[in-house]
Amino acid sequence: MGEQSALDLDEAPFWRALMRITTALPRALEDQFLPETGLAITDYGVLVALSEAPDHLLRISALATTTGLSLSRISRVVDDLTRRGLVEKRKCAEDGRASNAVLTGAGLAKLEAAYPSHLARVRTSVFDHLSAEDIRTAGPVLARLAAALDTAPPTDDC
């Protein structure tokens, strides 16, 4: 890797703020959300991804890509959600080596019950501090950064 120039006077505070957000925001959301709902933010993200998928089903590898989690992390989360009756694991019919995660009725009910708490925390932690113009401007920038991090190849669902 070639020599890189130091961050300039605009880049350095941007980077520091971004690092602060990526570490402090999940903790701020989790501190209230977990005791109120019994769900970690990661659990909630997995349930949301499954709720938005056709038939509430995603191949585990696709679920990892969708949530931005590693395969080992998503496997642990899905196993925990399965033990709690919120998700089922099913073998993929087209590929016996792969598994699907399926949102259960109990999982959907848990997600729906947790939504008001999640929404309130997201509003007080993020959106209450931004103007409509901030959101319109920052949204595409953040989406571009997120897309640049998506390095996993797409997978076919079963």
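Being buried (at least 18 other Cβ atoms within 10 Å of the Cβ) and of a type in the set (Lys, Arg) is the filter here; which residues of the range 59-75 pass it?
Answer for the range 59-75, where residues must be buried (at least 18 other Cβ atoms within 10 Å of the Cβ) and of a type in the set (Lys, Arg): just Arg59.
For the range 5-25, state whether one or more residues are open to solvent by 40 Å² or more (accessible area, probe 1.4 Å), assigned to a helix (DSSP H, G or I), on the phi < 0 side of the Ramachandran plot and touching a residue at least 24 places away in the same chain (Cβ under 8 Å).
yes
Of everything in the range 62-74, what is within 14 Å of the chain's Cα centre (by Cα) and in a helix (DSSP H, G or I)? Give them in sequence order.
Of all residues in the range 62-74, those within 14 Å of the chain's Cα centre (by Cα) come to 62-71, 73-74.
Hits for the range 62-74 are Ala62, Leu63, Ala64, Thr65, Thr66, Thr67, Leu71, Arg73, Ile74.
Conditions first: (1) part of a helix (DSSP H, G or I); (2) open to solvent by 40 Å² or more (accessible area, probe 1.4 Å); (3) free of Cβ contacts under 8 Å to residues at least 60 places away in the same chain. Ala49 passes all but one, so which condition is the exception?
In the conditions (1) part of a helix (DSSP H, G or I); (2) open to solvent by 40 Å² or more (accessible area, probe 1.4 Å); (3) free of Cβ contacts under 8 Å to residues at least 60 places away in the same chain, Ala49 misses (2) alone.
The values are calculated or read from the model by the stated rules, or taken from the named source; none is laboratory data. Nothing here was measured: the structure is a model prediction, and the numbers come from that model. Every residue, glycine as well, gets a Cβ built from its backbone with ideal geometry; the counts of neighbours run over all protein chains shown. Calculation scope for accessible area: heavy atoms of the full protein, side chains included, ligands and nucleic acids excluded. Shrake-Rupley method; radii C 1.70, N 1.55, O 1.52, S 1.80 Å.
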